[in-house]
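Chemist: First, the structure itself, so that you have it in front of you.
The values are calculated or read from the model by the stated rules, or taken from the named source; none is laboratory data. Keep in mind the model is a prediction, meaning the values are calculated, not measured. Here the Cβ is made from the backbone with ideal geometry for all residues, glycine too, and neighbour counts use every protein chain on show. SASA here: full protein model, heavy atoms, side chains in, ligands and nucleic acids out. Shrake-Rupley method; radii C 1.70, N 1.55, O 1.52, S 1.80 Å.
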Protein chains: 2
Amino acid sequence: MSLAAVLIDIDGVLHVGAAPVSGAAAALQRLRDAGLRLAFLTNTTRRTRQALIESLDGMGFDIPPDEIQTAALAARAVVERRGLRPHLLIHPDLAPDWEGVRTDDANAVVIGDAGEGFTYAALNEAFRVLIRDDAVPLIAMGANRYFRATDGLSLDMGPFVAALEFAGRRQAEYTGKPAAAFFETAMAALDVPAANAVMIGDDLENDVVAAQDAGLHGILVRTGKYRPQDEQDPKLQPQTVADNFVEAVRGLLESI
Amino acid sequence: MSLAAVLIDIDGVLHVGAAPVSGAAAALQRLRDAGLRLAFLTNTTRRTRQALIESLDGMGFDIPPDEIQTAALAARAVVERRGLRPHLLIHPDLAPDWEGVRTDDANAVVIGDAGEGFTYAALNEAFRVLIRDDAVPLIAMGANRYFRATDGLSLDMGPFVAALEFAGRRQAEYTGKPAAAFFETAMAALDVPAANAVMIGDDLENDVVAAQDAGLHGILVRTGKYRPQDEQDPKLQPQTVADNFVEAVRGLLESI
């Protein structure tokens, strides 16, 4: 493969919780020095892109905004393109990303990782929008099952999307990973074909297998939400496994 | 068909909210007078059987306890038969039905309609029990999507079961409707073959189609959670539709 671009998940790859993965910033710089194009694809939807950039900066990662593609902004793009008025089931910290969007008289439901905001009342409100009409789309930023919080693995938005899919008897449309469109948007922005790109992530299904399905090479790292069982699923096989981001970069740079 | 037994859902059939369906108590008596065996099958899991009986009595229905089969008690029977120690995700009012059951060091998750108790924290706790081991069973009292509350259709336990199925990557085992075993237990107690019984309910999937799948004749009533769309689903067809319980009984008594 002629490697031209590296797509990188952020949470669980560059950092775990509030701590950067040791050596990750230097490894990123080695990728840049090798002339590779970079893009950061995140389904983190508990904060805005701006807040994400500030948090990364605080951990020693200097990443230009236009290299970061978030599932939340992809959802906003979908809503604007189709002229939808969404009922938003999102984290309060994400609200600034949705300023200026009409949310009255909702004809769509948009769901992100609302965290503690996933109450019975909030889910019920979204359900009642869905049952107004079978044509109301359920737009989900991601399908992630769980993430690694400081006190253990914790539910991400995926299970709540599944709940609304079941209640509303419809399939969600995804705007972030694992949607092929999310990877395709990144490849188009970089002007690199999928076959010349890799994706590095800690989420077997949504980062790695989804990227492989979109034609990229997938690398699973053994950090973040990774569990040893992830390497034993006969149906979901990563093409490459690395102990962490630094090792993944070492392997990539040796291969070119 | 030689009719011998009538199985009846309670909420949405005998009463809607706190109000009995007009004429329902007299219609029940006509079924008894005709020599038909009766059983009441409910997935209501927000209160104990005793509380249910008292509530029905207050609405003018005099139903002996042994005619009432609840999904919650069926769950307890499963747990005891298999010697499981359940993590209980249930409504606090249902707790008396679970007295004496060991819940420490959980090796199973049991989920009922917890209502407002379906918080992020409670679902996360159940999820963490599931991911301890792929063999931990997820035992669900029902798969009901929604019920009719006083302020509109509201989420029942089904969507939250779907959330935990997705998060824990396993299928739930149902103890109430739509499980065939729930209907079979009722038929065995009445000593009547399924082919000689009907089920009257307001839930197209969990009462009517599930009963039909178990070999009974299904009657959908247009009360409770019924919606006109229920008669338009090409994949889920009730064998009979009646305006309400009284009309369903009239039809049955005319047919024998």
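To keep it simple, each residue is scored yes or no on (1) within 25 Å of B:Pro20 (Cα to Cα); (2) in a strand (DSSP E or B); (3) modelled with pLDDT of 95 or more; (4) open to solvent by 10 Å² or more (accessible area, probe 1.4 Å).
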{"residue": "B:Arg128", "(1), (2), (3), (4)": "no, no, yes, yes"}
{"residue": "B:Asp134", "(1), (2), (3), (4)": "no, no, no, yes"}
{"residue": "B:Val161", "(1), (2), (3), (4)": "no, no, yes, no"}
{"residue": "B:Gln171", "(1), (2), (3), (4)": "no, no, yes, yes"}
{"residue": "B:Ala189", "(1), (2), (3), (4)": "no, no, no, yes"}
{"residue": "B:Ala211", "(1), (2), (3), (4)": "yes, no, yes, no"}
{"residue": "B:Thr223", "(1), (2), (3), (4)": "yes, no, yes, yes"}
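Chemist: If you don't mind, another one. Are any residues in the range B:160-214 among the polar types (S, T, N, Q), more than 11 Å from the chain's Cα centre (by Cα) and away from every other protein chain (no Cβ under 14 Å), and if so, which ones?
Modeler: B:Thr185, B:Asn196, B:Gln212
Chemist: Could you identify the single residue in B:Gly224, B:Gly168 that is small (Gly, Ala, Ser), in contact (Cβ under 8 Å) with a residue 24 or more places away in the chain and closer than 22 Å to B:Ala140 by Cα?
Modeler: Step by step, each of B:Gly224, B:Gly168 is checked, and only B:Gly168 is small (Gly, Ala, Ser), in contact (Cβ under 8 Å) with a residue 24 or more places away in the chain and closer than 22 Å to B:Ala140 by Cα.
Chemist: Tally the residues that are more than 8 Å from every other protein chain (Cβ to nearest Cβ) and in a strand (DSSP E or B), restricting the search to the range B:136-159.
Modeler: Qualifying residue count, the range B:136-159: 6.
Chemist: Shifting gears a bit: Can you work out which of the residues in the range B:148-157 that are surrounded by 19 or more Cβ atoms within 10 Å (Cβ to Cβ) and in contact (Cβ under 8 Å) with a residue 40 or more places away in the chain is farthest from B:Arg132 (Cα to Cα)?
Modeler: B:Asp156
Chemist: Scan the strands (runs of 3 or more DSSP E) fully inside the range A:1-90 and keep the ones with 1 or more residues being among the hydroxyl-bearing types (Ser, Thr, Tyr) and surrounded by 13 or more Cβ atoms within 10 Å (Cβ to Cβ).
Modeler: Here the list reads A:37-42, A:68-70.
Chemist: Let me ask you something else. Hey, any hits in the range A:162-177 for a residue that's over 26 Å from A:Asn244 (Cβ atoms) and among the hydroxyl-bearing types (Ser, Thr, Tyr)?
Modeler: yes
Chemist: How many of the residues making up the range B:232-246 are open to solvent by less than 70 Å² (accessible area, probe 1.4 Å) and among the charged types (D, E, K, R)?
Modeler: Going through the range B:232-246 one residue at a time, the tally reaches 1.
Chemist: Within the range B:173-187, restricting attention to residues that are touching a Ser or Thr at 6+ places or on another chain (Cβ under 8 Å) and not in a loop (DSSP other than H, G, I, E, B), which residue is surrounded by the fewest Cβ atoms within 10 Å (Cβ to Cβ)?
Modeler: B:Ala181
Chemist: Which number in (1) free of Cβ contacts under 8 Å to residues at least 60 places away in the same chain; (2) open to solvent by less than 10 Å² (accessible area, probe 1.4 Å); (3) small (Gly, Ala, Ser); (4) touching a helix residue (DSSP H, G or I) at 6+ places or on another chain (Cβ under 6 Å) marks the one condition that B:Gly201 misses?
Modeler: With (1) free of Cβ contacts under 8 Å to residues at least 60 places away in the same chain; (2) open to solvent by less than 10 Å² (accessible area, probe 1.4 Å); (3) small (Gly, Ala, Ser); (4) touching a helix residue (DSSP H, G or I) at 6+ places or on another chain (Cβ under 6 Å) applied to B:Gly201, the lone miss is (1).
Chemist: Same structure, new question: If B:Phe118 passes every condition in (1) at pLDDT 95 or above; (2) touching a strand residue (DSSP E or B) at 6+ places or on another chain (Cβ under 7 Å) but one, which one does it miss?
Modeler: (2)
Chemist: Tally time: how many residues in the range A:107-126 are buried (at least 17 other Cβ atoms within 10 Å of the Cβ), within 7 Å of chain B (Cβ to nearest Cβ) and in a loop (DSSP other than H, G, I, E, B)?
Modeler: Selection size over the range A:107-126: 1.
Chemist: Moving on. From B:Leu204, B:Leu236, B:Leu216, B:Leu220, which residue is of a type in the set (A, V, I, L, M), more than 23 Å from B:Thr150 (Cβ to Cβ) and touching a strand residue (DSSP E or B) at 6+ places or on another chain (Cβ under 9 Å)?
Modeler: B:Leu216
Chemist: Oh, and also: Quick test of your reading of the structure: B:Asp57 fulfils all but one of (1) farther than 24 Å from B:Glu173 by Cβ; (2) free of Cβ contacts under 8 Å to residues at least 12 places away in the same chain; (3) touching a strand residue (DSSP E or B) at 6+ places or on another chain (Cβ under 9 Å). Name the failing condition by number.
Modeler: B:Asp57 satisfies all of (1) farther than 24 Å from B:Glu173 by Cβ; (2) free of Cβ contacts under 8 Å to residues at least 12 places away in the same chain; (3) touching a strand residue (DSSP E or B) at 6+ places or on another chain (Cβ under 9 Å) except (3).
Chemist: Still on this structure: Given the conditions (1) free of Cβ contacts under 8 Å to residues at least 12 places away in the same chain; (2) facing chain A (nearest Cβ under 7 Å); (3) open to solvent by 30 Å² or more (accessible area, probe 1.4 Å), and given that B:Glu99 satisfies all but one, which numbered condition is not satisfied?
Modeler: (2)
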